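> Please read through the structure below; I'll follow up with questions.
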Amino acid sequence: MTPGDDIPAARLRLGLGLTVVSSLCYGAIPSFVRLAYAAGADPMGVLFLRAVVAAMWVAAMAGYTGRALLPPRHLRWHAVAIGFAWLAGAWCYLGAFQRIPIGLAVTIFFLFPLNVALLTRVLEGHRLAPHRIVALALGFVGVTMVVGASLGNVDLLGVGMAGVAALAVSSNMMVSARVMRGSNPQAAMLMMTGVSAATLAALAPFLGFNLPTTGLGWFGFVTATVLFCCAMTCFYTAINMIGSIRTAMVANLEPVMAISFAFLVLDEVPGPIQIAGIALVVGAILWMQIGDRRKSGIPA
């Protein structure tokens, strides 16, 4: 049985809803980060302050809800690992944008739902139902269409960095699910953001970082940071509720949201192929959910 097949319907609906909210927030972030970049910020500055603010947010949330701030001792090294995995993924993802077309980088990065499914099969021995394999494949094809990946002038290092980012986020999801099963989402998120913030603080004196220099740039940065805190909270809570595979599948909505926000904020108009890709992504998600319901004996 795949994780999440026997969860109550109400829990499933809430988990799926949280994943959609997460995708909406994650998809909006690039447009606002671009405003910060245009005002002089750099990836190091964005990652550093984002990690610090996110760690403070998670700590406050854990304190308010009365949850433990740290996972049990036997899971703490796992929690440290998800922090490094998240940081490596974010760093490589932003670095790939500097070497290869953004469309190609996003396409390679969104291999991560397939990676999660394969890692679940290899590491945990869970069988993948045929409808999930089809849905994951169609979702990736849809993402490819949405971002309009360009294969010209390929930089192998850039391709490798995007691939590392995809593998890092897949590993992060798998290990964080294990940590949350033994503790709670807040403890896992605090370790992830805290480890990232501490690592970036140690690197900052050597690498330096730049912050926005205009009001519009700060608006973009603050908005992106708030959206990240919301997205992260919803995303990891959803993993804890409905499992990694379902969360990764619905996360294919993220580039769809990114295209929509780029149109609203930056006046980037999607073309016919992108619109067809959006339809394919949504169709793949519906296909997976209908298949899960039929397999569980719940009317679609």
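> Taking segment 191-212, which residues are within 28 Å of TYR37 (Cβ to Cβ) and crowded, with 24+ Cβ neighbours inside 10 Å?
Result: MET192, THR193, SER196.
> Same structure, new question: Within segment 91-106, identify whether any single residue is among the β-branched types (Val, Ile, Thr), surrounded by 20 or more Cβ atoms within 10 Å (Cβ to Cβ) and in a helix (DSSP H, G or I), and answer yes or no.
yes
> Could I ask something else about it? Can you pull out the residues in segment 195-244 that are outside any helix (DSSP H, G or I) and modelled with pLDDT of 90 or more?
Listed by number, the residues that qualify are PRO212, THR213, THR214.
> Can you tell me which residue in segment 142-189 is surrounded by the most Cβ atoms within 10 Å (Cβ to Cβ), limited to those that are modelled with pLDDT under 75 and among the polar types (S, T, N, Q)?
Only one residue fits best here, namely THR144.
> Moving to a separate point now. Out of GLY45, GLY15, GLY63, GLY40, I need the residue that is among the small types (Gly, Ala, Ser) and in a loop (DSSP other than H, G, I, E, B). Which one?
GLY40
The values are calculated or read from the model by the stated rules, or taken from the named source; none is laboratory data. Predicted, not measured: the structure shown is a model, and the values here were computed from it. Here Cβ is always computed from backbone atoms with ideal geometry, including for glycine, and neighbour counts include all displayed protein chains.
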